[in-house]
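Enquirer: Below are the structure tokens for one structure; questions will follow.
No lab work stands behind these numbers, since they all come straight from the coordinates. Remember, it's a predicted structure, so these values are computed and weren't measured experimentally. Don't worry about glycine lacking a Cβ; one is built from the backbone with ideal geometry, like all the others, and counts go over all protein chains shown.
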Amino acid sequence: MGQDSAADSAVAGSRKRARPICMKCKCKPAEVAARQREPLCRGCLCDGLVSKVRGGVRGSNSVAPGDKVLAALSGGAASQAMLYFLQQMHNKDKDRLERGQVAFDLQAIHIPEAGGQEFPSL
């Protein structure tokens, strides 16, 4: 009886649980569970987020062709995500517009957190 249970546990341990496949592309293994536990690969998750941000910016007319956009970055995760999304929307070649992109001038500035220090009065 002891040998059978040891063999059963060895077989169970050798079987690895299969990773779910991405619901969108249906070819890559899922890395995250988004929304209502939908398994997505990293690429499909990023594409979906960029699409949502692009739709929000387009719907609010926040960035128009020819605009100058200065992104203020603290270095945190939210700042890095904002810059990534702006870069994905930015059309670098003003003569050849690509679908879903906007021809605007993008620049970034790093603003370190004050860390409790007060700015001098002006």
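Enquirer: Please work out whether region 21-122 counts as rounded, prolate or oblate from its C-alpha gyration tensor, where a ≥ b ≥ c are the square roots of the eigenvalues and a/c under 1.5 means rounded, while otherwise a/b larger than b/c means prolate and anything else oblate?
Expert: It comes out oblate by the Cα gyration axes.
Enquirer: Continuing with the same structure: What does the charge count around Lys92 come to, taking other residues whose C-beta lies under 13 Å from its C-beta (Lys +1, Arg +1, Asp -1, Glu -1)?
Expert: -2
Enquirer: So which lysines pass the test for Lys94, namely a Cα distance under 21 Å, with those fewer than 8 places away in the same chain ruled out?
Expert: Lys68
Enquirer: Can I ask one more? Compute the signed sum of charges (Lys and Arg +1, Asp and Glu -1) over the other residues within less than 13 Å, Cβ to Cβ, of Val63.
Expert: +1
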